[in-house]
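Enquirer: Quick one: the structure is below, and I'll ask about it shortly.
What follows draws every value from the coordinates through simple rules; no lab data is involved. A quick note: this is a predicted structure, and the numbers were derived from the prediction, not measured. Here the Cβ is made from the backbone with ideal geometry for all residues, glycine too, and neighbour counts use every protein chain on show.
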Amino acid sequence: MNDLKQLYSWCSIPVDKLESNPSLKVRFRMVHESAQMGLLIARELIDEIKKANDEERIYRAIIPCGPVCWYESFVRIVNEEKVSLKNLVVFHMDECLDWEGQLLAKNDPYNFKTVMEKQFYAGIHEELAVEIKNRNFLEPATMESIREKIWSDPIDITIGGWGQDGHIAYNQARRHPFSKITIDQLRNSSIRIQDNNLDTIITLGQRSFGAAYQFVPPMSITLGVKECLSAKKVRVYSDTGTWKQTALRVALFSEVDTEYPLTLLQEHPDACITATRDTARHPIAENPDWEFKGINV
């Protein structure tokens, strides 16, 4: 994002003027707080699964490890309403790796498989649970078989969050000084193993480890933008506040930009971004007296 005047103008929009803004590039919803968003995610996904069950068809979903605010509501509603997940096929969108491209320790807090097994699967009553064969965890050893499974039939929904640079899954902005990519290359990016960007590592270190970036996984494996946006519906959510605020503004108002992969949602026929109020607000909008030399308009 090289046009700082343009970025300043987007960040200056008051939070209460986002949802109805005529310049939105993609549908946007704002909720008050995290619990409300978690219930919304759970309810919408469960209703889609129930509809597929009524139609006696398989429902195929790409599911993230975060945001995490919806797991409790999802497990509770599935059990209370006795919603069968036997026809649900889950493709987990990414996983963290160590410096050699290998899986992390089982109880590393960034081992996404462990998190999902504990929080997404474990609480579901056995007679309702997703079949083991339908739980597709992305690992170096499974990437090619998962690629084949994803493209064998349409994906019904992609659920996800976004990163500080607007990355979907681990589709980070490519920052290598000698290897730039085009929008078309980003749009068609597929499953791959990669180094994590320095800004991603610093941000996650601050978020999770008291700025001890040394404990943040340096590599990851991810579904590509091509897989994530192949779904009939794409729904992304964030309740994590400050480190997502600028990426949200860029996603809502910018043309497609390799620096912010989330901007590609505007090309999807049924995409929606949902954020908590704390994530949708922006400090620049709340401080109109701030001056940036040569930028304020």
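Enquirer: Determine which member of the set VAL225, VAL236 is out of contact with any His (no Cβ under 9 Å at 6 or more places or on another chain) and closer than 20 Å to VAL68 by Cα.
Expert: Working: VAL225 fails: closer than 20 Å to VAL68 by Cα.
Every option except VAL236 fails the conditions.
Enquirer: Answer yes or no as to whether THR242 is of a type in the set (Val, Ile, Thr), surrounded by fewer than 19 Cβ atoms within 10 Å (Cβ to Cβ), at negative phi and assigned to a helix (DSSP H, G or I).
Expert: Spelling it out, THR242 is indeed of a type in the set (Val, Ile, Thr), surrounded by fewer than 19 Cβ atoms within 10 Å (Cβ to Cβ), at negative phi and assigned to a helix (DSSP H, G or I).
Enquirer: Need the failing condition index for VAL89 against (1) assigned to a strand (DSSP E or B); (2) touching an Asp or Glu at 6+ places or on another chain (Cβ under 8 Å); (3) among the hydrophobic types (A, V, I, L, M, F, W, C); (4) more than 26 Å from VAL216 (Cβ to Cβ), just the number.
Expert: The one condition VAL89 does not meet is (2).
Enquirer: Here is a list: ALA247, ALA211, ALA173. Which entry is touching a residue at least 24 places away in the same chain (Cβ under 8 Å), over 16 Å from GLY66 (Cα atoms) and assigned to a loop (DSSP other than H, G, I, E, B)?
Expert: Just one listed residue meets the conditions, ALA173.
Enquirer: Still on this structure, please answer the following. Does the stretch 110-123 contain any residue that is part of a loop (DSSP other than H, G, I, E, B), within 20 Å of the chain's Cα centre (by Cα), in contact (Cβ under 8 Å) with a residue 60 or more places away in the chain and crowded, with 16+ Cβ neighbours inside 10 Å?
Expert: Checked against the condition, which is being part of a loop (DSSP other than H, G, I, E, B), within 20 Å of the chain's Cα centre (by Cα), in contact (Cβ under 8 Å) with a residue 60 or more places away in the chain and crowded, with 16+ Cβ neighbours inside 10 Å, the stretch 110-123 yields at least one hit.
Enquirer: A further question follows. Within the stretch 245-270, track down each residue that is of a type in the set (A, V, I, L, M) and surrounded by 22 or more Cβ atoms within 10 Å (Cβ to Cβ).
Expert: Hits for the stretch 245-270 are ALA247, LEU248, VAL250, ALA251, LEU252, LEU262, LEU264, LEU265.
Enquirer: Okay, next question. Quick check on the stretch 279-297: of everything there that is assigned to a helix (DSSP H, G or I) and surrounded by fewer than 18 Cβ atoms within 10 Å (Cβ to Cβ), which residue is farthest from the chain's Cα centre (by Cα)?
Expert: GLU286
Enquirer: Conditions: (1) within 30 Å of ASP195 (Cβ to Cβ); (2) surrounded by 13 or more Cβ atoms within 10 Å (Cβ to Cβ). GLN102 meets all but one. Number of the miss?
Expert: For GLN102, the exception is condition (2).
Enquirer: Only one of ARG57, ARG76, ARG43 is surrounded by fewer than 17 Cβ atoms within 10 Å (Cβ to Cβ) and part of a loop (DSSP other than H, G, I, E, B); which?
Expert: It is ARG57.
Conditions (1) within 30 Å of LYS5 (Cβ to Cβ); (2) in contact with a helix residue (DSSP H, G or I) (Cβ under 6 Å, 6 or more places away or on another chain); (3) not hydroxyl-bearing (Ser, Thr, Tyr), marked per residue:
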{"residue": "THR200", "(1), (2), (3)": "yes, no, no"}
{"residue": "GLY210", "(1), (2), (3)": "no, no, yes"}
{"residue": "PRO218", "(1), (2), (3)": "no, no, yes"}
{"residue": "GLY224", "(1), (2), (3)": "no, no, yes"}
{"residue": "VAL236", "(1), (2), (3)": "yes, no, yes"}
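Enquirer: Checking the condition of a type in the set (Asp, Glu), in contact with a Ser or Thr (Cβ under 9 Å, 6 or more places away or on another chain) and either free of Cβ contacts under 8 Å to residues at least 12 places away in the same chain or surrounded by fewer than 18 Cβ atoms within 10 Å (Cβ to Cβ) (or both), which residue from ASP195, ASP184, ASP199 passes?
Expert: Going through ASP195, ASP184, ASP199 in turn, the sole match is ASP195.
Enquirer: All but one of (1) out of contact with any strand residue (DSSP E or B) (no Cβ under 8 Å at 6 or more places or on another chain); (2) surrounded by 13 or more Cβ atoms within 10 Å (Cβ to Cβ) hold for SER145, so report the exception by its number.
Expert: Among (1) out of contact with any strand residue (DSSP E or B) (no Cβ under 8 Å at 6 or more places or on another chain); (2) surrounded by 13 or more Cβ atoms within 10 Å (Cβ to Cβ), the lone unmet condition for SER145 is (2).
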